[in-house]
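Report on the structure given below.
Read-outs throughout are calculated quantities, based only on the coordinates presented, and are distinct from any laboratory measurement. Please read these numbers as outputs of a predicted model, since none were measured by experiment. All Cβ positions, even for glycine, are placed from backbone atoms using ideal geometry, and neighbour counts span all protein chains on display.
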Amino acid sequence: MDTMPEHDVATLVPKNGELRFEAEQATAVDTSLAMTITSLADEADDHGVHVDLSAVPDRIAKLVLLARAVPEQEAQPPERPNFVARAGRQAVALIEAGKVALAFCGETLIAALRTLRHPKTFRLREFIVLLGDTGFRALPIVGLLAFLTGLILAFVGAVQLRVFGADLYVADLVGLAMSREMASLMTSMIMSGRSGAAFAAHLGTMKVSEEIDALATFGFQPVDMLALPRVLALTLMMPLLTLYANLLGYFGGAVIGNSMLDISYTQYLFETQTIVTTRDISIGLVKSMVFGFIIAACGCVQGLHCGKDAAAVGHAATRAVVLSITLIVVADAIFAVLCEILKI
Amino acid sequence: MNSADDEARIAVRDLTMAYGTRVIMKKMNFEVKRGEIFVIMGGSGCGKSTLMKHLIGLIEPSQGEIFYEGERFTDISVEERDSMRQSFGVLYQAGALWGSMTLAENIALPLEQYTSLSKATIREVASFKLALVGLNGFEDYYPAEISGGMRKRAALARAMALDPDILFFDEPSAGLDPISSARLDDLILQLRDSLGATIVMVTHELASIFAISDHCIYLDVDTRRITAEGHPKELAESADDERVREFLRRHATPLVKTK
């Protein structure tokens, strides 16, 4: 029997009659027989029809008895809201997320002030480990990507500038683009995938294993103990990483200048020095600090508000990265407009 | 508040627990006396751990109040709650030791925060607490480097760091072999007798309920209420509710009557 046929017991059997199942001849039976008998028997019961299972193989009869013996659970079916309700909830959730983020900024500030008043509570050794994780250990990957970014910018620029014989200006292009935009953007993309996701996953796992509850029961504020050092570490290390990315970006540009356009390294360096001002570099560094804060804050917020299972940790890490990259691009756009208004 | 509340170490009044609109337990009333080993038991998913989180103040009750020695614990400021919590020690289900710190550092952290002891003294205290749970020599191990049973004992050592006078245990013997869990029961009894602590324990391990508990309550999943309260041996014999007796005798009414 493959499918359960639609039967109306009432039309088949008179009231107070008997419904007898005969399956003694069956050579091979599987669950579908038990399912069919169970549903028919339930219906028969509703109509006051007596059910006789004596001619059903013993194994199947026992299954039917067991299935019908389990009392109906009164649990309500989980809610499956429709499209409009889901859209509404998403919108509310977005507003809530904004509130949470704002609250986190406030909590971090309060935590910083509290730590300033009681410096003993600051765990220096863990902070140093974090500085190493978010700074020193990121050097190879940040260096590689910055070098390649400089290389690509110079390559694209060289092809165009060569047409106008303005070969040397490739140094200007690479220098300005790296200092003002690319170094801080590339570094923050790497750090959000690297440290932002790591923060969210680490704090999320601590939440799942009740370590954060354990902190709270000892009267420790999770924000003071976990979020503040991370936010501080990344906000401090980002400008340093960006500065380093700048240098390797210039170097990438110089390699292309030297090999494709025959600009000597000295010439390239000189041109970069004349066009890139301290102001250009400072803009990049200030931006990178803001980006660092965004990355760390997104990672910590998502980690601390993580759900209570393994999948939730994965979601938290994903959300941390997506959210921080989105916010970084928005912040960068705001910076661009501000620089234009202030003429810097 | 009447004078009976003052004698009880913990008093719970009309506590209703809920996640959003889903009610877990309704109108709970019970008291825990000083020095008692008090067990919260019940079937899976009845809200035992949730009740413990309410008692520790990690979750706000949707209704009702909790008092410690007559002092209100619910609906108070974070600072007041933190100061009351200093007399608590909590052992979480999986230990919840802080993974980035060694065992000694795990115990030292609360001591550094709440005492003015020197670094060397703190280290000695940490070693002493570890010795109490049979883990001397493991000071510099990280939680990931020791076994589950050891982790649980280390977590117990951390729970005792501030010499609490109330200890909360969330399923202490879950995941332990019978010998380790019997050893843990002995340890809990010894701690109660030597420290004079009050112990609140969530468990459905019958052996340890009968071995160490003085008083227990049974949370019933279906009625969402406390359906029995008393000494476990008496409850097993004469509880009014059949389900409580079945629970304590580890017996289930068969769903299908065998011929």
Quick one: which residues, 5 or more positions from B:His215 or on another chain, have an amide H under 5 Å from its amide H? H modelled 1.01 Å from N in the peptide plane, none for Pro or chain starts. B:Ile37, B:Val39
With Cα coordinates, the longest principal axis of chain B makes an angle with the long axis of helix B:103-114, in degrees rounded to 10, of 90
Enumerate the helices in chain A for which the Kyte-Doolittle hydropathy averages -1.0 or more and the C-alpha atoms extend at least 27 Å along the helix's axis, using complete DSSP H runs. A:83-117, A:139-163, A:228-260, A:278-304, A:310-342
Taking square-rooted eigenvalues a ≥ b ≥ c of the alpha carbon gyration tensor, is the stretch B:81-207 rounded, prolate or oblate, where a/c under 1.5 means rounded and, failing that, a/b exceeding b/c means prolate? oblate
For chain B, set up a Gaussian network in which alpha carbons nearer than 10 Å are linked by springs, and say which option among B:Arg183, B:Arg243, B:Arg22 fluctuates the most. B:Arg22
May I ask for log10 I(q)/I(0) of the stretch B:183-259 at q = 0.18, 0.19, 0.23, 0.27 Å⁻¹, from a Debye sum over the Cα atoms as equal point scatterers with solvent left out? -0.79, -0.86, -1.09, -1.31
Semi-axes of the stretch A:66-202's equivalent ellipsoid from the Cα gyration tensor, sqrt of 5 times each eigenvalue, largest first, rounded to whole Å? 48, 29, 18
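Need one word for the protein assembly as shown: rounded, prolate or oblate. Basis is the Cα gyration tensor (sqrt eigenvalues a ≥ b ≥ c); a/c below 1.5 gives rounded, then a/b vs b/c decides. Walk me through the numbers on the way to the answer.
Working: a/c = 2.71, a/b = 1.52, b/c = 1.78.
Oblate is the answer for the protein assembly as shown, as a/c is 1.5 or above yet b/c matches or exceeds a/b.
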Between the Cα axis of helix B:119-132 and the main Cα principal axis of chain B, the angle (0 to 90°, nearest 10) is 40
Label points 7 Å out from Cα along the Cβ direction at B:Glu242 and A:Glu18: separation in nm? 3.0
So what is the orientation-averaged projected area of chain A, using the convex hull of its C-alpha atoms, in nm²? 31.3
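Whats the longest run of chain A with zero trypsin sites (Lys or Arg not before Pro) that are DSSP loop and have at most 14 other Cβ atoms within 10 Å?
Numbers: sites that count: A:Lys15, A:Lys308, A:Lys343.
Free of exposed loop sites, the longest segment is A:16-307.
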Give me the one-decimal nm value for the distance between modelled label points at B:Ala120 and B:Ser49, 7 Å along each residue's Cα-to-Cβ direction. 4.3
For A:Asp262 and B:Asn29, FRET efficiency with R0 = 60 Å and r from the beta-carbon atoms, rounded to 0.05? 0.10
Roughly how many whole Å is it from the C-alpha centroid of the stretch B:160-186 to that of the stretch B:96-153? 16
With +1 on the Cβ of every Lys and Arg and -1 on the Cβ of every Asp and Glu, the dipole magnitude of the protein assembly as shown about its Cα centre, in debye rounded to the nearest 20, is 1780
How much length, in nm to one decimal, is gained on full extension between B:Glu234 and B:Glu65, taken as 0.36 nm per residue of separation minus their Cα-Cα distance? 58.0 nm
Considering the Cα positions of chain B, please state its Rg to one decimal place and its Dmax as a whole number of Å. 19.1, 73
Sites B:Ile76 and B:Glu112, calculated FRET efficiency, Cβ-Cβ separation with R0 25 Å, nearest 0.05: 0.45
Student exercise: in chain A, how many lysine pairs 8 or more apart or on different chains have Cα atoms under 22 Å apart? 4
Sticking with the crude label model, points 7 Å out along Cα→Cβ, report the distance from A:Thr318 to A:Val163 in nm, one decimal please. 4.3
If I fit a long axis through the Cα atoms of helix B:148-159 and take the longest principal axis of the Cα atoms of chain B, what angle between them do I get, 0 to 90°, rounded to 10? 80
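Round to the nearest 0.05 the FRET efficiency obtained for A:Leu65 and B:Tyr142 when R0 = 60 Å and r is the Cβ-Cβ distance. Intermediate results must be reported in sequence, preceding the final value.
Values: r = 54 Å, r/R0 = 0.89.
Taking R0 as 60 Å, the efficiency between A:Leu65 and B:Tyr142 is 0.65.
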